[in-house]
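Below is one structure, written out as structure tokens; the observations come after it.
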Amino acid sequence: MKKLRNDIILIASILIIALIGIILLLSLSKRDNLAAEIYYDDELIMTINLDKEAEYIITGDVSDLIIKTDINEIWVSESGCPDLICVHQGHVKSTASVITCLPNKIYIKVIGGEEVDLIV
Amino acid sequence: MKNKILFIFLFFFLFFLSSCNPLKIQKCSPIFCMDTTIDITFYNTDDYQTHYKAIKEIYYKYDEVSSDYESNLKSVKDLNDNRYLENADNELIDLIKKAISLMNDADGYYNPFIGRLSHLWKEAIKNNRILDNDIILEELAIMNSTSVEFDNNTIKLIGDGNLDLGGIAKGYATQKAYEYLKGNNVTGYLINAGNSNVLLGDKHGDNFKVGLAKPYTKGAIIIYEGLNKAIGSSSGKYQNVIIDNIRYHHLLNPFTGYPSNIYDNVNILCDDSMLADVYSTAIFSMDLEVAKEFAKNKNIDIILFKDDSILYQSEGWV
């Protein structure tokens with residue numbers, strides 16, 4: 001009888017430890033801060049944590065782009081491309097948002113946060 | 001007895017662990033084509049790089065044949081310039097046939113012969129001016145008297161109008177990507193073709209969360225949760241100019257020849273990416289009651305935005 005009780009305690013302990021492990025794993029995989037991936041054409045050239053005020057210069061096909069970040073936001077402040085669509089897209093602040101500069105073949109995608117998979 | 005209990009516990013424990021197969025996100029590099037970027041993500045998909053390459057080729061192919069610029073393949077530009085095209089690719093022939101059939105299906109609110117007028121408006125908008133009304137009327141007459149003939153692999157334009165496949169090519173290519181994925185039993189994917197054409201597979205069996213953005217301010221207005229669907233969006237917010245408080249943009253009403261401003265944004269939810277693309281363009285020019293009736297007849301769901309709020313929303317988005 002005592003052995004049976006010990007077995008049950010052992011199994012219950014294993015289950016509890018496994019459950020704690022899974023919860024920890026899930027919470028660690030969630031990111032509080034957003035980040036941004038920057039691609040030139042189809043190549044990932046940089047991943048930036050959006051956790052501070054910062055400025056980056058990226059060279060595209062027709063000009064340099066000045067990319068600025070602050071906490072959980074990113075934007076293109078200057079570009080030499082003709083239509084400046086990337087600059088006019090303004091500050092993007094939510095996960096899955098993108099900024100594209102077609103003439104420069106630069107693509108910026110906000111990741112993390114896990115609020116939504118996509119914004120259209 | 002003891003062993004039996006132990007066995008049952010262990011069985012459930014192992015079953016529990018095996019059911020916790022984690023979500024594996026397989027992001028792919030963006031594809032620059034069709035005047036936009038195509039963003040593809042797979043979920044728990046074996047050999048996803050092979051599928052990515054195959055889909056990339058599909059988009060490249062349709063980008064080439066539908067191009068209004070210089071292209072490596074025989075394209076719409078060649079057809080518009082020369083008025084006929086010999087030995088055209090079957091892909092282009094099928095695409096044009098589909099575009100013409102959908103022009104009738106969408107009651108003329110989508111018109112692939114709008115090429116010349118569309119080009120003139122784009123030039124005007126770029127130069128911060130609006131088109132002269134006489135030119136618009138003249139171009140509408142040309143558009144309405146243009147048709148296309150096929151003789152095996154030769155395509156012939158009748159009349160003086162130009163083809164513009166911008167309202168269908170991306171959705172058509174996405175639908176071809178869908179057919180490829182289905183044929184290869186791939187279910188876990190998300191394709192975002194420039195935010196205006198989205199294909200949802202499933203996320204390791206789960207729903208996706210798609211935020212529908214307000215047209216002119218930041219932030220999502222509603223979150224749609226679903227899977228195995230196509231979403232098409234049309235918006236006048238890109239490449240526009242405001243003159244006398246009227247926004248002039250690239251989405252033209254094929255009956256008036258002017259940019260439509262009934263809505264700021266139209267979102268379509270249906271089962272076919274090509275239809276999502278074409279219908280979002282068509283509905284953009286329909287009055288509210290016409291749009292509601294059209295959506296009902298076609299069994300599609302729509303959300304119509306005006307002034308950063310929802311003007312009309314059908315039931316399927318919830």
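The values are calculated or read from the model by the stated rules, or taken from the named source; none is laboratory data. Please read these numbers as outputs of a predicted model, since none were measured by experiment. Note that we place each Cβ from the backbone using ideal geometry, even for glycine, and neighbour counts take in every protein chain shown.
Numbers at a glance
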quantity: Selection from region A:50-87 of residues that are farther than 17 Å from A:VAL110 by Cβ, out of contact with any helix residue (DSSP H, G or I) (no Cβ under 6 Å at 6 or more places or on another chain) and either of a type in the set (S, T, N, Q) or in contact (Cβ under 8 Å) with a residue 60 or more places away in the chain (or both); calculated: A:THR59, A:SER63
quantity: Positions within region B:147-176 being small (Gly, Ala, Ser) and in contact with a Leu (Cβ under 7 Å, 6 or more places away or on another chain), in sequence order; calculated: B:ALA169
quantity: Among the residues listed as B:LEU212, B:LEU269, the single one being closer than 15 Å to B:GLN313 by Cα, out of contact with any Gly (no Cβ under 7 Å at 6 or more places or on another chain) and within 12 Å of another protein chain (Cβ to nearest Cβ); calculated: B:LEU212
quantity: Residue that is farthest from A:THR69 (Cα to Cα) [pool: residues in region A:99-120 that are more than 7 Å from chain B (Cβ to nearest Cβ) and without any contact (Cβ under 8 Å) to a residue 40 or more places away in the chain]; calculated: A:GLU115
quantity: Segments classed as helices (runs of 4 or more DSSP H), wholly inside region B:35-126, with at least 1 members that are within 14 Å of chain A (Cβ to nearest Cβ); calculated: B:48-65, B:115-126
quantity: Residue match in region B:194-204 (condition: farther than 20 Å from B:LEU311 by Cα and away from every other protein chain (no Cβ under 14 Å)); calculated: no
quantity: Candidates B:GLY167, B:GLY171 - the one that is part of a loop (DSSP other than H, G, I, E, B), surrounded by 19 or more Cβ atoms within 10 Å (Cβ to Cβ) and either in contact (Cβ under 8 Å) with a residue 40 or more places away in the chain or on the phi > 0 side of the Ramachandran plot (or both); calculated: B:GLY167
quantity: Residues (hydrophobic (A, V, I, L, M, F, W, C) and touching a strand residue (DSSP E or B) at 6+ places or on another chain (Cβ under 7 Å)) located in region B:285-318; calculated: B:LEU288, B:ALA291, B:ALA295, B:ILE300, B:ILE302, B:ILE303, B:LEU304, B:PHE305, B:ILE310, B:LEU311, B:TRP317
quantity: Any hit, region B:221-237, residues being in contact (Cβ under 8 Å) with a residue 12 or more places away in the chain, more than 28 Å from B:ASN144 (Cα to Cα) and outside any strand (DSSP E or B); calculated: yes
quantity: Count of region B:56-91 residues which are surrounded by 17 or more Cβ atoms within 10 Å (Cβ to Cβ), basic (Lys, Arg), touching a strand residue (DSSP E or B) at 6+ places or on another chain (Cβ under 9 Å) and modelled with pLDDT of 95 or more; calculated: 1
quantity: Some residue of region B:171-191 being within 14 Å of chain A (Cβ to nearest Cβ) and at pLDDT below 95; calculated: no
quantity: Residues that are buried (at least 24 other Cβ atoms within 10 Å of the Cβ) and within 12 Å of A:GLY80 (Cα to Cα), drawn from region A:95-110; calculated: A:CYS101
